[in-house]
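Worksheet for the structure shown next.
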Amino acid sequence: MSEAGIPAAPLTLEGSSVLHQMFRIRWSAWRRASGQEILDEAIPALEAMGPRTALFGLLGHKGDLLFLHFRDSFEELHQAELALARLRLADYLEATTSYLSVVELGLYESSVKLYQGLRDLGVEPLSEEWERACEAMLAQQAKAMHPRLYPEIPPRRYLCFYPMDKKRGESRNWYELPIQDRQGLMHEHGLIGRRYAGSVKQIISGSIGFDDWEWGVDLFADDPLVFKKLIYEMRFDQASAAYALFGKFYLGLRYSVSDLGALLSGTPSP
Amino acid sequence: MSEAGIPAAPLTLEGSSVLHQMFRIRWSAWRRASGQEILDEAIPALEAMGPRTALFGLLGHKGDLLFLHFRDSFEELHQAELALARLRLADYLEATTSYLSVVELGLYESSVKLYQGLRDLGVEPLSEEWERACEAMLAQQAKAMHPRLYPEIPPRRYLCFYPMDKKRGESRNWYELPIQDRQGLMHEHGLIGRRYAGSVKQIISGSIGFDDWEWGVDLFADDPLVFKKLIYEMRFDQASAAYALFGKFYLGLRYSVSDLGALLSGTPSP
Amino acid sequence: MSEAGIPAAPLTLEGSSVLHQMFRIRWSAWRRASGQEILDEAIPALEAMGPRTALFGLLGHKGDLLFLHFRDSFEELHQAELALARLRLADYLEATTSYLSVVELGLYESSVKLYQGLRDLGVEPLSEEWERACEAMLAQQAKAMHPRLYPEIPPRRYLCFYPMDKKRGESRNWYELPIQDRQGLMHEHGLIGRRYAGSVKQIISGSIGFDDWEWGVDLFADDPLVFKKLIYEMRFDQASAAYALFGKFYLGLRYSVSDLGALLSGTPSP
Amino acid sequence: MSEAGIPAAPLTLEGSSVLHQMFRIRWSAWRRASGQEILDEAIPALEAMGPRTALFGLLGHKGDLLFLHFRDSFEELHQAELALARLRLADYLEATTSYLSVVELGLYESSVKLYQGLRDLGVEPLSEEWERACEAMLAQQAKAMHPRLYPEIPPRRYLCFYPMDKKRGESRNWYELPIQDRQGLMHEHGLIGRRYAGSVKQIISGSIGFDDWEWGVDLFADDPLVFKKLIYEMRFDQASAAYALFGKFYLGLRYSVSDLGALLSGTPSP
Amino acid sequence: MSEAGIPAAPLTLEGSSVLHQMFRIRWSAWRRASGQEILDEAIPALEAMGPRTALFGLLGHKGDLLFLHFRDSFEELHQAELALARLRLADYLEATTSYLSVVELGLYESSVKLYQGLRDLGVEPLSEEWERACEAMLAQQAKAMHPRLYPEIPPRRYLCFYPMDKKRGESRNWYELPIQDRQGLMHEHGLIGRRYAGSVKQIISGSIGFDDWEWGVDLFADDPLVFKKLIYEMRFDQASAAYALFGKFYLGLRYSVSDLGALLSGTPSP
């Protein structure tokens, strides 16, 4: 319960289940493999996954390929992961890392408004009436925001992925700030993102309880320099400067599954 | 000794010995193995372990399989671990991590009440009389709480496991708080858990002296989103916001041992 | 927005895309390989990359070879990375680490001057007029600084590479300093570099959004002791002493691609 | 020199040289090996090492076997390590970690008493006379404490091993406390240990200059739950709560060398 | 510039280039190798490196062998590293870590004296005249200290090596202390070392810009217990207690190159 007598946690909406899989290609083994046979099995199988699985080539030693899967449940993600693992192609891939999350919309503004309204009406926080009002708001928002909760993978050339936490330091602790203060910081943070909306598509997914960081951030753009400009500018806003903790960054180039052979031969067409 | 002249450590009860074993499947080797023969040895052996060993499929690169063992002693856990290691199946498994602990019930409320009662009676802390009173309370509680100390593995579809510590920072140090303050924080923390009791079953195990974190947390649910909602809400309570330090998170799907073949062929039925 | 009502982030210019690739040589395998054949394929391919790819021998266990690629885009860097990976030589190289960045010029001085000028003229920060003025300044500077944005790889004997961050500590946080203060600290920092300009050539690249640190620093010199003297002296300036966080350091000796055979035979001529 | 004009470092006594070696068993290779032949070489060699080498089975992925060696010098430890490495058994063991230290008795009480006595007599700290008095005290104590300096390995069923440091934080720094304060904290700490003396045997070894932590702690008991109770209770004393930093914990079950074959076949008798 | 108007960085002298190479022996492969042939190649090659390359056996899992090379340049160190890598022996060695540095003498006392003298004469810091005076002092000292800058490897039985940094914490920052304060702390620190001069030979090397820590420390002694006593005592002086950050510790026993065969057979004579 925050100081103002309203809950500290904002309400959130969850949508697609998301799995990032990063792989290093075993180039030596691949060079000696019957590549065409393996591709003849892999490409149709990957294409059968449809547009909710996307292929990226990664730059640098942290991986060569990234598969991004959006699904309706962890059950389906597990099926996708196993489907990939049972391909002969998997013999030539070494998993370097992965990230499990669900698309999340944090409803700071609506939550604070609802909480304050209910409190002003004298509704007991977390009472049945309170919970019903929250459920109603969530149901309404889930409907309105359906396209953002179950997005398609934006068809941009470049991907930037990184996980992040909000800091819980000894003197600077996001989770000890009043919800109204967090709402203000998130609002300021969102304004920066809005100015980049034309050139960067952003999908936030939540991973508390699922993976080692609290959120995953996926940015999609045709010009990778906008990732740098956007993130650098955000680093100075209070929500990031004081409270954000960042994991590793992954930079990928989108390829269609049919390019996989060219990618593995080292000669993809840009 | 805490400031109020009573011991700082709450009494705890210990129950089942617990081992989490996480494995990556060596898919390439498995694809070339005489799978059926290996399963014909492994499945009966695993089934012979009974309901106190459960199998989970893990999502992501941190592992493909998790075996959760509840036993009556470390001796028996060691037997289980060796029994698994001597299966031919073990040739196709690579241990990525593990966790050793014992089911624990922290008796903050009863301890504070008992300590204060004894102090008010003028009993010398840690005197023979004091210790006898503690032993008596523990014996009584152990009896009353037997089912929670030696639980069965909850038959839910999803598992969330993570280890955690209480922080000992330079200005925020759980172990320097008076026991009454810690009792209050744990009480508040417990209230959140109670609201989720219908949808999440929680088992806490202690690992001080046994493994690298102080506690292990296992959550069992049929809908994995409740893990996120519960842990996110708890992150704002004072016990977590200021004092909790979290390790890696593991997300598993429960399978029966008889599904192992389907799982290893990449085609488990959901 | 910084306190003075002007943006907190300085404007930056970006130039060449940069990839550092560090490799360990698989000496045992190489000793048994048909070395000449492999070199006959590799050397022409590497030479065809031209002067924007440079070869260094690394000291110590962190790697034996470093390839430094400057290109016009991440697309081209990816092509270079794949071209190297598809060489038979790659069978004898194990990637130990890498770094992805773009040459960056941070325009603290011009930005503060421009921001203050616009503010004094009453131009609304981030308004269309404001952005136009920024774009105009950037376009002009990009032209003037073209050789520094798209530099050639300095032909010095020694390379020192390391990544770095600016700290965001609980009490010391670079990103919470007013832009004028950061400008002053960067100015002081630059004065030290200027005194070493004759003996050290420095190229700064930015990697926010691309790799795990905020910047990469490449120093080139004929005498490696000047790396130590320069960095030690800088460590005492306020920008470094209080705010710099350093990653791993790599020390390399420049070799021409045609020396690769001698290097792999363990007998390069100095 | 501490504030009171006496040295800050307590005198210490050193005894046996200690090496912990943790190994993972290569189960797959072992399953295919001529096990009996290898054991026929290994068991007599290990038994020849006598009672100052003990064998433990470890729980969890951090290792399967732990060899604990007590010797009279690092020279002898090196001989033991090499003797093990040259066994054919070593082909089936993968070193996961190790710890090098010497049995240490920290003489806080005697040191403070001696230092204060000498100071009161007007002896110049660190003068020849001062050093002679220290040497004399050390010689006397070394004689009296010989059995604790050169202990046998306690014949208990369970081992708990972990390394630790004393913290040197920015505001909480063990090494900046006056020696009298540290003496008081160590005294309080020791009282807890003394209450467990019947059920736990503790051996402290020092590793400053030898390994990556300052001390190693070995606890031996027949009931592993007492490790948890002892360490948990100690975590609340000031010396641990504020100043202790812990490494990884290892939990082992003692086996006689003649059990090695049964252990490697996965079927040791408890 | 420090507060007193004099530079913050002390002058330093640099001498021999130093490379520590730590290797694990691949015991299994070695057991199956034509050991004598390999030694017949390796021993003469290593002996040809002369007394500026020394061989140590390491205790514990961090490595089995350590080669310590002192040379006149990084160029020569690179030659030594490559010469070792091209031996057939290298097939049986796995590099675990390494350290690159140059012997360094920090001239705190002379620097402060010179800086204050020049300031009192009204010489502008960092002016040409100032720099000339510094160069002159350095040239004179380099001559006087030549044997300490280009030392031979002390012929003691035991080696202790560790890297270290000076802390740059939020409230305790070595690099923000006035040079006079640092001089005082280093003086106090040096006094402890001097009392151990008879039993420990110490060589400090600087690695800023070359490797991941700021300094490497090599201690040489015939009795390894003095490493512990010296480092423990130093840990209480202010320079170490408040400002030192330590890396991993390596403990080695000196062997002559001709002992290599005995060492690899697991039977060196002490």
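The values are calculated or read from the model by the stated rules, or taken from the named source; none is laboratory data. The structure displayed is predicted, hence computed values, not measured ones. So basically every Cβ, Gly included, is an ideal-geometry build from the backbone, and we count neighbours across all protein chains shown. The area values use the complete protein model at the heavy-atom level, side chains included, leaving out ligands, DNA and RNA. Shrake-Rupley method; radii C 1.70, N 1.55, O 1.52, S 1.80 Å.
For the reader, a short list of remarks on this structure follows.
- Convex hull volume of the C-alpha atoms in the stretch A:224-265, normalised per residue: 93 Å³.
- Our analysis of the stretch A:63-116 gives Rg over Rh at 1.23, with the two radii drawn from alpha carbon positions and Rh computed by the Kirkwood formula.
- Each copy carries a label point for E:Glu47 at 7 Å from Cα toward Cβ; from one copy, the others' points are 4.2, 4.2, 6.8, 6.8 nm away, ordered from shortest.
- For peptide C:252-262, the mean count of partner chain Cβ atoms within 10 Å of a residue's Cβ comes to 1.
- When chain D is treated as a GNM with alpha-carbon contacts under 10 Å, the residue of D:Ser207, D:Ser256, D:Ser17 showing the greatest mean-square fluctuation is D:Ser256.
- Above-threshold pairs, the threshold being 31 Å between Cα atoms, out of D:Lys143/D:Lys248; C:Lys201/E:Lys166; C:Lys248/E:Lys62; B:Lys166/D:Lys62: D:Lys143/D:Lys248
- Neighbour net charge for A:Pro163 - beta-carbon separation under 10 angstrom, K R +1, D E -1: -3
- Summary of the geometry: the stretch D:1-65 and the stretch E:117-195, compared by the centres of their Cα atoms, lie 41 Å apart.
- Computed on chain A, with alpha-carbon pairs under 8 angstrom and 6+ residues apart, the relative contact order is 27 percent.
- Look at the stretch E:69-78: the mean tally of other chain Cβ atoms within 10 Å of its residues' Cβ atoms is 4.
- Computed helical MRE - 222 nm, chain B, DSSP H runs ≥ 4 contributing -39500 (n - 2.57), nearest 500: -11000 deg cm²/dmol
- In angstrom, the C-alpha Rg and Dmax of the stretch E:27-84 are 13.2, 38.
- Between 0 and 90°, nearest 10: helix D:35-48 axis offset from chain D longest Cα axis: 30
- Nm distances between copies for B:Pro178, ranked from closest, using label points 7 Å along Cα→Cβ: 2.7, 2.7, 4.4, 4.4
- Nearest chain A C-beta to the A/C rotation axis, reported as residue and distance in angstrom, is A:Glu170, 5.
- Inter-copy spacing of A:Arg195 label points, which lie 7 Å from Cα along Cα→Cβ, given in nm from shortest upward: 3.8, 3.8, 6.1, 6.1
- The residues packed around D:Ala29, meaning those with a beta-carbon under 11 Å from its beta-carbon, carry a net charge of 0 if Lys and Arg are +1 and Asp and Glu are -1.
- Note on A:Glu152 and E:Ala29: their simple-model spin labels are 5.2 nm apart, each label 7 Å out from Cα toward Cβ.
- In degrees, nearest ten, helix C:108-120 long axis to first principal axis of chain C (Cα): 20
- Computed from phi, the 3J(HN,Hα) profile of the stretch E:230-247 under the Karplus parametrisation 6.51, -1.76, 1.60 (θ = phi - 60°) reads 5, 5, 5, 4, 5, 4, 8, 6, 4, 4, 8, 4, 9, 10, 8, 10, 9, x Hz, with x in place of Gly and Pro.
- Computed over protein heavy atoms with a 1.4 angstrom probe, the accessible surface ordering of D:Glu94, C:Glu37, B:Glu104, largest first, is C:Glu37, D:Glu94, B:Glu104.
- For chain D, modelled as a GNM whose springs connect Cα atoms under 10 angstrom apart, the maximal fluctuation among D:Leu82, D:Leu11, D:Leu105 occurs at D:Leu82.
- Largest-first ordering by accessible area, 1.4 Å probe, given options C:Asp181, C:Asp212: C:Asp181, C:Asp212
- Ignoring aspartates and glutamates fewer than eight residues from C:Lys113 along the same chain, the ones with Cα atoms less than 14 angstrom from its Cα are C:Asp181.
- Residue (of D:Leu39, D:Gly209, D:Gly190) at the positive-pole extreme of chain D, dipole from beta-carbon charges: D:Leu39
- Computed accessible area, C:His189, all protein chains, 1.4 angstrom probe, square angstrom: 40
- Accessible surface buried once D binds B (1.4 Å probe; total of both sides; Å²): 4000
- Principal axis extents of the Cα atoms in the protein assembly as shown, from largest to smallest and rounded to whole angstrom, are 85, 83, 65.
- Reference-scaled alpha-carbon Rg (2.2 N^0.38 Å with N residues) for chain D: 1.14
- Computed on the stretch B:16-103, with alpha-carbon pairs under 8 angstrom and 6+ residues apart, the relative contact order is 55 percent.
- Inter-label distance, E:Arg194 to C:Asp120: 5.9 nm, where each label sits 7 Å from its Cα along the C-beta direction.
- Highest-MSF residue in chain A out of A:Ser127, A:Ser101, A:Ser111 [GNM, Cα springs under 10 Å]: A:Ser127
- Heavy-atom accessible area order for D:Asp223, E:Asp222, C:Asp259, C:Asp218, largest first, 1.4 Å probe: E:Asp222, D:Asp223, C:Asp259, C:Asp218
- Farthest positive-ward along the stretch D:16-103 dipole, Cα basis, beta-carbon charges - from D:Phe23, D:Thr53, D:Ser73: D:Phe23
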